[in-house]
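Colleague: I'd like to ask you about the structure that follows.
The values are calculated or read from the model by the stated rules, or taken from the named source; none is laboratory data. Treat the numbers as computed from the prediction; the structure is a model and nothing was measured. Note that each Cβ is placed from the backbone with ideal geometry, even for glycine, and that neighbours are counted across all protein chains shown. With ligands, DNA and RNA removed, areas are computed over all heavy atoms of the protein, side chains included. Shrake-Rupley method; radii C 1.70, N 1.55, O 1.52, S 1.80 Å.
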Amino acid sequence: MDMFDEMQGPRGQVREPFSTFDAWLGKEDPARLRAKQREAEDLFRLTGITFNVYGRSEAEERLIPFDIIPRIISAREWQRLERGIEQRVRAINAFLHDIYHRQEVLRAGRVPQEMISGNEAFLPQMIGVTPPGGVYTHITGIDLVRTGPDDFFVLEDNARTPSGVSYMLENRETMLRMFPELFSQTRVRPVSDYPRNLRRSLAASAPPACEGVPTVAVLTPGIYNSAYYEHAFLADKMGVELVEGHDLRVVDGRVAMRTTRGYQPIDVLYRRVDDDFLDPLNFNPDSALGVPGIMDVYRAGGITIANAPGTGISDDKAIYSYMPEIVEFYTGERPILQNVPTWRCNEKDSLEHVLANLSELVVKEVHGSGGYGMLIGPAASRKELREFERKLRARPGNYIAQPTLSLSTVPIFTNKGLAPRHVDLRPFVLMSPEGINVTPGGLTRVAMKKGSLVVNSSQGGGTKDTWVLED
Amino acid sequence: MRLAINHTTRYTYSAPVPYGVQQIRLYPKPTRGQTVVDWAITVEGATKQVEFDDHHRNHVILFGFDAGVTELVIRSRGVVEMADTAGIVGPHEGLTPLWLFQRATDHTRAGKGCREIVRAVEGDNDLARLHDLSARVHGAITYETGKSEVVWTAEDAVAAGHGVCQDHAHVFIACARTMGLPARYVSGYLRMDGQDEQSATHAWAEAHVEGLGWVGFDVSNAISPDTRYVRVATGLDYTEAAPVIGHRYGPAEENMAVSLRVTQQQ
Amino acid sequence: MLGKTAGGLFWMARLLERAENTARMIETGQRIALTRAGSGADDWLSVLQAAAMSQGYLDKHDEMLPEQAIDWMLRDPDNPTSVMATIALARNNARLVRTALTHEAWEAVNSFWMLLKEALARKVPTRDLPRILSLIRERNALVRGSILGTMLRNEIYDFIRIGTFIERADNTARILDVKYYVLLPSAAAVGSRLDNVQWDTILRSVSGEGGYRLAIGPDVTPMGIAQFLILDKRMPRSLNFCCAKLRDNLNYLATDYDMRLPCHQQADTLCRRFMSHDIDAIFDYGLHEYVQEVLGHLASLSTQIEIDYRFYG
């Protein structure tokens, strides 16, 4: 398989976006860089940028490895990506509005009805509800992979509660602290205004009941959540309160937070709690993380919940395979960003194809996330393949399959020098009634193990700073 | 015919309740053959927070407990004008797609018991089959109060062989959906013949029949609803149509007493 | 500010103060052990009592062994109030209120926890004890300094200070409660070596031996110690000093919020009723009874603050 390395071109020459960086790197002493790499890790540990790994002891906090070699994207490459991302997010929001209202896309037969009717992610309580400004996904993360100079594919849309933006910001902060000279040689588009933009974007989505300057708050499941650091980080940078379910209750028809001076209403709640746990009165009654009655207040226009409940129907892996149709249906344009070809195992022909080629494919659970419960055919043992075959036959509708893409690589810095590793990219997109804002860059996740294609932090992946160059 | 309704639900708690919410669906639905002449809801011990129409077009009101109450009283009273429609509610309306009413819920997931009932169902058309189904559910589950639990599923009721109107409705719904027909739960009031005092609110089911629209089936009384039936709320099952659902903090035990009068005015 | 955040700040400060006090008590215990013959079992018991850790220790161990007592106070996983557990809890509270702290204050708490976790991963050999104890004091000083140097003087700061002083007052009162009998005139066999050691213990456990000489004079007497620990306005660990600071910081909140609450009344009462007498009157009243009442008032004030500022609901 031909591997595309974003720094070293096919004939060993350094690709253009990396040229200035490469010249700088050539003059650097590897020992100094090694020291810098260690310094970066100490910095992260001290700041407390850790995440808790699911399924392990509550208190265990781990550091996500950070690599000091940036991933660099040219202005021209980014322009096309940005347009594609914006188009996709617009389509996702139009789709969500439609699917919770007249369902024209089903009537037109562009998406089969059973993709929605049999889908747990479809939230009936959202039927007929129009969030302020028609914005459903205030924050979206679009996972992209690359296989060649101009070949970007969308791997996954994250329209529920995408995480990782704190790493994007801290990675840049760390690079700026450690290599200030680099940034004077190269003009890199800043990402540091993300929290300000986020706050503005959320405030612009305030509900009808809001009077005066909107009060924004971040809802976290608590300090043991794997992304707690990020929740605290974003609340801190936005200058808003970080609340938990038990800080909130319904007071005077609004959702209000318990302050030292009494209850104060919240206009926009950036929640990092899943739908099911959001409201024990209306959803999972055992949830201790939510606010009983928040959905009632939401439906009555007393609060904006970001992202809106029920957005999971748009980033479901089964719906994903229809995204090209969805983009065309709502925008009337050809999709700028391609999907990875996807076989839906609930279709008989596809299932047969998948079973016959299992060792070459990646099989994912329709509702899974974080790289759990997936099969990477080329890396799987015979036993694993047999096991997955059984699972596929038992519940074909639960799976989709994709070809193993030859993901692009970017070098990481190792003790033995530079070594190519596979990467993906998650740009973050803000949407409000005022418009769409794509932060230049995003989070580059990198598989730290040689040859590995799994970039998830929960499975040992690391991160890199992502540079989008100025024009 | 005019029905005057006076419905009081009194909750008492073994200890002061620090906080909680009650979500109530107690406003009769505008329905073919049913006109609300006058209706008022008052609550003691809690304060109204918000109201809205949900995706089943039920009028929902959310109340918040007043701090430290030990008693909460919900009163609804009013007058409803009723006309006979032979149990036919009419075409499906609203944004909620019909296919949603074919979705199984936790309370209405058909298992062995329901499927067995469905296998025996006979009839030349959907309507006939639904009437037959209603009779079979009536036969399979004896109406008995005080021996079932509000959390019972359709299968629980079939297994027990007895239940209340809620269980009859759930089993009917689970079976109708298994037969490929959209079905829903209805909570409301029933004036039992010749008596003003009613022991409780009532529940029945509706199924959607091509050409007719929604048709009501009161399994417990083995008939289709007539002018004595006031529709209040509908949903996929009890949890979506219940007159009151709540969420409370604190360790207090709850006790509930209902008084309900449905009188005929003309 | 969220009620929860106020609670988190208050407890972060209390727990940091508590860890430091525990370390200081270990130091005192160690000092006594080094300066006199015998097993020192009684002394360690009273050190554990003053730290409110004796019950747990006796539930687990049959005998009083100095090394075991030190390990219990520092890091025994069965002791939920060990220095390690206290700092871990303080750090959890800091995480909870992360958005209310400056970067520097948070990093100071976080690095304290990280260093201590490493330092207390294994049982501490006696020769390393001084280093560990000074690490605890120094790191606490760093936290205090970073709060002092970088935090705005607002409600956030007030709640931190309130937590600090309520814990400190509580600590000083507990030391007096455990050792009050050696200060009683009836027990004062003047000049006996035993009492000198006891008095020394008391002063050391509040790091007050130097301050005493400056404030009271060269002669260590029971009355002098009681005066110094209870009523002295300059001694930062005296009950009077701590209560005055408590009242001041609560008053800042009252002014800031334009809201006087029951806790303000209680703080005033605490200062007026207990800090305005002279030391003779306190002895006349009964030192033990006096200290017990102060402890009771501190506990009820703490609860009242929790209620008034809605820490929990």
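Colleague: Taking the range B:7-37, which residues are surrounded by 15 or more Cβ atoms within 10 Å (Cβ to Cβ) and within 18 Å of B:Arg191 (Cα to Cα)?
Modeller: Listed by number, the residues that qualify are B:His7, B:Thr8, B:Thr9, B:Leu26, B:Tyr27, B:Pro28, B:Lys29, B:Thr31, B:Gly33, B:Gln34, B:Val36.
Colleague: Only one residue in A:Val188, A:Val145, A:Val218, A:Val154 is among the β-branched types (Val, Ile, Thr) and within 14 Å of another protein chain (Cβ to nearest Cβ), so which one is that?
Modeller: On the way: A:Val188 fails: within 14 Å of another protein chain (Cβ to nearest Cβ); A:Val145 fails: within 14 Å of another protein chain (Cβ to nearest Cβ); A:Val154 fails: within 14 Å of another protein chain (Cβ to nearest Cβ).
Of A:Val188, A:Val145, A:Val218, A:Val154, the one residue that is among the β-branched types (Val, Ile, Thr) and within 14 Å of another protein chain (Cβ to nearest Cβ) is A:Val218.
Colleague: If a residue must be more than 26 Å from A:Arg88 (Cβ to Cβ) and among the basic types (Lys, Arg), how many such residues does the range A:159-210 contain?
Modeller: 2
Colleague: Taking the range B:55-81, which residues are open to solvent by less than 10 Å² (accessible area, probe 1.4 Å) and closer than 30 Å to B:Leu98 by Cα?
Modeller: Those that are open to solvent by less than 10 Å² (accessible area, probe 1.4 Å) and closer than 30 Å to B:Leu98 by Cα: B:Asn58, B:Val60, B:Leu62, B:Val80.
Colleague: Determine, yes or no, whether B:Tyr189 is modelled with pLDDT of 95 or more and either among the hydroxyl-bearing types (Ser, Thr, Tyr) or under 17 Å from B:Leu26 (Cα atoms) (or both).
Modeller: When the stated conditions are applied, B:Tyr189 passes them.
Colleague: Mind listing whichever residues of the range B:105-160 are within 21 Å of B:Ile223 (Cα to Cα), of a type in the set (Asp, Glu) and open to solvent by 40 Å² or more (accessible area, probe 1.4 Å)?
Modeller: B:Glu122, B:Asp124, B:Asp126, B:Glu144
This table checks each residue for (1) of a type outside the set (A, V, I, L, M, F, W, C); (2) more than 23 Å from A:Val291 (Cα to Cα).
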{"position": "A:Val191", "(1), (2)": "no, yes"}
{"position": "A:Pro195", "(1), (2)": "yes, yes"}
{"position": "A:Ala206", "(1), (2)": "no, no"}
{"position": "A:Pro214", "(1), (2)": "yes, no"}
{"position": "A:Pro221", "(1), (2)": "yes, no"}
{"position": "A:Tyr229", "(1), (2)": "yes, no"}
{"position": "A:Ala232", "(1), (2)": "no, no"}
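Colleague: So for the range C:108-121 (the condition being in contact with a Gly (Cβ under 7 Å, 6 or more places away or on another chain), closer than 19 Å to A:Ile223 by Cβ, within 13 Å of chain A (Cβ to nearest Cβ) and not small (Gly, Ala, Ser)), does at least one residue qualify? Show your work before the answer.
Modeller: Taking the range C:108-121 as the starting set, the residues that turn out to be in contact with a Gly (Cβ under 7 Å, 6 or more places away or on another chain) are C:110.
Still in the list and also closer than 19 Å to A:Ile223 by Cβ: C:110.
With within 13 Å of chain A (Cβ to nearest Cβ) added as a condition, the list becomes C:110.
The next check asks that each one be not small (Gly, Ala, Ser); those that pass are C:110.
The answer is yes, given that some residue of the range C:108-121 is in contact with a Gly (Cβ under 7 Å, 6 or more places away or on another chain), closer than 19 Å to A:Ile223 by Cβ, within 13 Å of chain A (Cβ to nearest Cβ) and not small (Gly, Ala, Ser).
Colleague: Which residues, counting only those in the range B:213-251, are surrounded by fewer than 20 Cβ atoms within 10 Å (Cβ to Cβ), touching a His at 6+ places or on another chain (Cβ under 8 Å) and in a strand (DSSP E or B)?
Modeller: B:Gly213
Colleague: Related question: For the range A:104-122, does any single residue satisfy the condition of being open to solvent by less than 10 Å² (accessible area, probe 1.4 Å), of a type in the set (Gly, Ala, Ser) and away from chain B (no Cβ under 12 Å)?
Modeller: no
Colleague: Can you confirm whether the range A:255-263 contains a residue that is charged (D, E, K, R), assigned by TED's automatic domain parsing to the domain that holds A:Pro309 and in a loop (DSSP other than H, G, I, E, B)?
Modeller: Checking the range A:255-263: at least one residue is charged (D, E, K, R), assigned by TED's automatic domain parsing to the domain that holds A:Pro309 and in a loop (DSSP other than H, G, I, E, B).
Colleague: Exactly one condition in (1) out of contact with any Asp or Glu (no Cβ under 6 Å at 6 or more places or on another chain); (2) among the charged types (D, E, K, R); (3) part of a helix (DSSP H, G or I) is not met by A:Arg172; state its number.
Modeller: (1)
Colleague: I've got another one for you. Which residue pairs have Cβ atoms closer than 6 Å, lie 6 or more positions apart in sequence or on different chains, and pair a first residue in the range B:46-74 that is away from chain A (no Cβ under 11 Å) with a second residue that is in a strand (DSSP E or B) and charged (D, E, K, R)?
Modeller: Close Cβ pairs satisfying both conditions: B:His59/B:Asp53; B:Val73/B:Arg10; B:Val73/B:Glu44.
Colleague: Of the residues in the range B:55-72, how many are modelled with pLDDT under 95 and either under 16 Å from A:Pro292 (Cβ atoms) or part of a strand (DSSP E or B) (or both)?
Modeller: The total comes to 1.
Colleague: Is one or more of the residues making up the range A:287-309 over 28 Å from B:Tyr19 (Cα atoms) and modelled with pLDDT of 95 or more?
Modeller: Keep residues of the range A:287-309 that are over 28 Å from B:Tyr19 (Cα atoms), which gives none.
Checked against the condition, which is being over 28 Å from B:Tyr19 (Cα atoms) and modelled with pLDDT of 95 or more, the range A:287-309 yields no hits at all.
Colleague: Scan the range C:29-47 and tell me whether some residue there is among the hydroxyl-bearing types (Ser, Thr, Tyr), surrounded by fewer than 19 Cβ atoms within 10 Å (Cβ to Cβ) and part of a helix (DSSP H, G or I). Walk me through it before giving the result.
Modeller: Filtering the range C:29-47 down to residues among the hydroxyl-bearing types (Ser, Thr, Tyr) leaves C:35, C:39, C:46.
Restricting the remaining residues to those that are surrounded by fewer than 19 Cβ atoms within 10 Å (Cβ to Cβ) gives C:35, C:39.
Those still in the list that are part of a helix (DSSP H, G or I) too: C:35.
Yes, the range C:29-47 has at least one match.
Colleague: What's the number of the condition B:Ala222 fails, among (1) in contact with a helix residue (DSSP H, G or I) (Cβ under 6 Å, 6 or more places away or on another chain); (2) on the phi < 0 side of the Ramachandran plot?
Modeller: It fails just one condition, (2).
Colleague: Moving to a separate point now. Can you tell me which residue within the range A:175-213, out of those that are outside any loop (DSSP other than H, G, I, E, B) and over 26 Å from A:Glu82 (Cα atoms), is most open to solvent (accessible area, probe 1.4 Å)?
Modeller: So the residue we want is A:Arg177.
Colleague: Does the range A:332-351 contain at least one residue that is among the hydrophobic types (A, V, I, L, M, F, W, C), more than 27 Å from A:Arg200 (Cβ to Cβ), open to solvent by less than 10 Å² (accessible area, probe 1.4 Å) and under 19 Å from the mean Cα position of the chain (by Cα)?
Modeller: Within the range A:332-351, one or more residues are among the hydrophobic types (A, V, I, L, M, F, W, C), more than 27 Å from A:Arg200 (Cβ to Cβ), open to solvent by less than 10 Å² (accessible area, probe 1.4 Å) and under 19 Å from the mean Cα position of the chain (by Cα).
Colleague: Provide a single number: the residues in the range B:16-32 that are within 18 Å of the chain's Cα centre (by Cα) and away from chain A (no Cβ under 11 Å).
Modeller: Taking the range B:16-32 first, the residues within 18 Å of the chain's Cα centre (by Cα) are B:22-32.
In the following step, the residues that additionally are away from chain A (no Cβ under 11 Å) were identified as B:25-32.
So the count comes out to 8.
Colleague: While we're looking at this one, here's another question. Just checking, which of C:Leu246, C:Leu261, C:Leu176, C:Leu203 is open to solvent by less than 10 Å² (accessible area, probe 1.4 Å) and free of Cβ contacts under 8 Å to residues at least 60 places away in the same chain?
Modeller: Among C:Leu246, C:Leu261, C:Leu176, C:Leu203, only C:Leu203 is open to solvent by less than 10 Å² (accessible area, probe 1.4 Å) and free of Cβ contacts under 8 Å to residues at least 60 places away in the same chain.
Colleague: Now a separate question. For the range A:367-402, give me the residue count where each residue is open to solvent by 20 Å² or more (accessible area, probe 1.4 Å), touching a strand residue (DSSP E or B) at 6+ places or on another chain (Cβ under 6 Å) and modelled with pLDDT of 90 or more.
Modeller: Residues that pass the stated criteria total 0.
Colleague: Look through the range A:288-297, keep the residues that are more than 9 Å from chain B (Cβ to nearest Cβ) and open to solvent by less than 10 Å² (accessible area, probe 1.4 Å), and return whichever of them is nearest to A:Val135 (Cα to Cα).
Modeller: Checking each candidate, the answer is A:Met295.
Colleague: If B:Thr96 passes every condition in (1) open to solvent by 10 Å² or more (accessible area, probe 1.4 Å); (2) hydroxyl-bearing (Ser, Thr, Tyr); (3) over 17 Å from B:Asp218 (Cβ atoms) but one, which one does it miss?
Modeller: Exception for B:Thr96: condition (1).
Colleague: For residues that are in a strand (DSSP E or B) and out of contact with any strand residue (DSSP E or B) (no Cβ under 9 Å at 6 or more places or on another chain), scanning just the range A:415-436, find the one that is farthest from A:Trp78 (Cα to Cα).
Modeller: Ranking the qualifying residues of the range A:415-436, first place goes to A:Ser432.
Colleague: What number of residues in the range C:283-301 are surrounded by fewer than 19 Cβ atoms within 10 Å (Cβ to Cβ) and assigned to a helix (DSSP H, G or I)?
Modeller: 11
Colleague: Scanning for something buried (at least 22 other Cβ atoms within 10 Å of the Cβ), under 20 Å from the mean Cα position of the chain (by Cα), in a strand (DSSP E or B) and within 10 Å of chain C (Cβ to nearest Cβ), does the range A:223-244 turn up at least one residue?
Modeller: no
Colleague: Do you know which of the residues in the range C:75-101 that are β-branched (Val, Ile, Thr) and more than 10 Å from chain A (Cβ to nearest Cβ) is surrounded by the fewest Cβ atoms within 10 Å (Cβ to Cβ)?
Modeller: Ranking the qualifying residues of the range C:75-101, first place goes to C:Thr81.
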